[in-house]
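Everything on this sheet refers to the single structure shown next.
Since every read-out is calculated from the coordinates, none of them should be taken as a lab result. Since the model is a prediction, treat every value here as computed from it, not as a measurement. Heads up, the Cβs are rebuilt from the backbone with ideal geometry, glycines too, and the neighbour counts pull from every protein chain shown.
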Amino acid sequence: MTTYKHFWTRINADERGLNSLIRAIRVNLRPMCFFTIVLPMMLALIAGCGPRQPEQNVVTVVATPTADPAPVVVALPTDTPTPSPTPKPPIRQVTTGGCCVQPFWSPDSKQVRIIDKPAPDAPVGVYGVDLGEPPGEPFLALDLIGLYSNDLRLIAYPEGRDTIVEQLDNGERWVIPNQGQAVVFSPEGRRVAWEIEDIDGPFDQRRSDIYLSRYTGEDPVRVTTVYGGGLHGWLDEGRLLFSGRPSLDVRERTLTVLALTTNVAVDLVTAERIAGVAASPDGEWVAYFISFNEDPGRSGIWVQRTDGSDARRLDFWGAYQWRDDTRLLYIPMRQSPDVPFVIWEYDTASGQSRPVTDPATAPIQIANGDWRVSPDGRYVAYVNSADRNLWLVELEP
């Protein structure tokens, strides 16, 4: 249901010894650093002019005088135009060998990252590819796999039946009292939230208890209980987003924002089937879709302010991700697999949509919906369905 849960499942299910790798990491981890790569994204437009303009040669042609003389015709030479530089294509390959799935980004948008073990003698870890041209080989960017806080100061990972939060600069560790469940760091990293979900029975009847605590595991508290839903994440340091049925006697689910300081809940939408919940980076907007509703007019993709106002049903169907605080990227369904995907953008401020890729210059083919927009909103990394490599497309501003 949520990205962090799939990521946590992957950590637990890896058959290449992730737990042994994690236990082998020494507590005296050095602070992580990032390589700053100058990203050449634009070609300079070259325009030249000499110190003075050349004198123009004037050619005068005079017709033979007649009773009604013809006008004088003056022919001026024309300059030969300088060819324009060839524009750089907005699409390029960043890995080879069909290596990778599920790409994600470094916080500074300078690296595309993957979890990998590129060779039998290579460690399992987070590998990065710099965005320079030509693209470099993947290198080990982070040797500890887990869920990181936004500032990369803290990491959470499973260890047996426990969840460990570790401070990377000094190796200090804390056990979170959550039975080894995945945690989500608050935007500033001061707290963590998680859910403990029943594993038996139909999904829409499973109970999920949502908790939070300090990142050290102190002051744990159960926030709420829902059925057939769960935690979607933090909107900001003081608000959580979750959905579900309040009891088994209720048929429909509700998408809810809870303010932790006031304990005031705002119900955004209620429907039997709500999915695809994605909050904007600043937590002020949320996108979701309603499917197979009894009222066909409610089925579709929606955006809405997280204060409960301004719900809008959008006129497309497809995949979507937030580009920034107010712009939602989406990829409409195509008519044929022979037709490239086109990435569009919906602007909540203007209510208008526009394409931000051109299939003539960026023939995008995405495998299994595996694409991810960079934190700065400038690029999209995706798995190419033709060769199974990672590719990059630069979006129109």
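Using 7 Å Cα-to-Cβ label points, what is the A122/R378 separation (nm, one decimal)? Here the answer is 2.6 nm between the modelled labels.
If you take the beta carbon distance between D219 and R273 as r and set R0 to 30 Å, what does 1/(1 + (r/R0)^6) give as a FRET efficiency, to the nearest 0.05?
Numbers: r = 35 Å, r/R0 = 1.18.
Efficiency for this residue pair is about 0.25.
Summarising the label geometry, the points placed 7 Å from Cα in the beta-carbon direction at R92 and E137 lie 2.0 nm from one another. Three principal axis extents describe the C-alpha atoms of the range 211-307; from largest down they are 46, 32, 20 Å.
Taking R0 as 35 Å, what's the FRET efficiency between D315 and A386 from their Cβ-Cβ distance, rounded to 0.05?
0.70
Take each peptide in 260-269, 172-181, count the other Cβ atoms within 10 Å of every residue, and average; sorted highest first, the result is 172-181, 260-269. Residues in the range 300-332, backbone N under 14 Å from the label point at S353 (7 Å along the Cα-to-beta-carbon vector): list them, ranges by number please. Those under the cut-off are 300-303, 312-321, 328-332.
Restrict the search to the range 290-356; then list the chymotrypsin sites (Phe, Trp or Tyr not before Pro) that DSSP places in a loop and that have at most 16 other Cβ atoms within 10 Å of their Cβ. Please report the intermediate quantities before stating the final value.
Working: sites: F292, W302, F316, W317, Y320, W322, Y330, F341, W344, Y346; in loops: F292, F316, W317.
Filter output for the range 290-356: F292, F316, W317.
For the range 165-215 and the range 383-397, compute the distance between their C-alpha centroids and round to whole Å. One Cα centre to the other: 33 Å. Once the Kirkwood radius over Cα pairs is known for the range 135-236, the Stokes-Einstein relation at 20 °C and 1.002 mPa s delivers a diffusion coefficient of 146 µm²/s. Applying the criteria of a DSSP loop state and at most 14 other Cβ atoms within 10 Å to the GluC sites (Glu not before Pro) of the range 191-244 yields E218, E237.
Please go through the range 271-348 and write out the GluC sites (Glu not before Pro) that DSSP classes as loop and that have at most 13 other C-beta atoms within 10 Å. Passing both the DSSP loop test and the Cβ count: E294. A crude spin-label estimate for the pair R190 and D151, with each label 7 Å from Cα along the Cβ direction, gives 1.1 nm.
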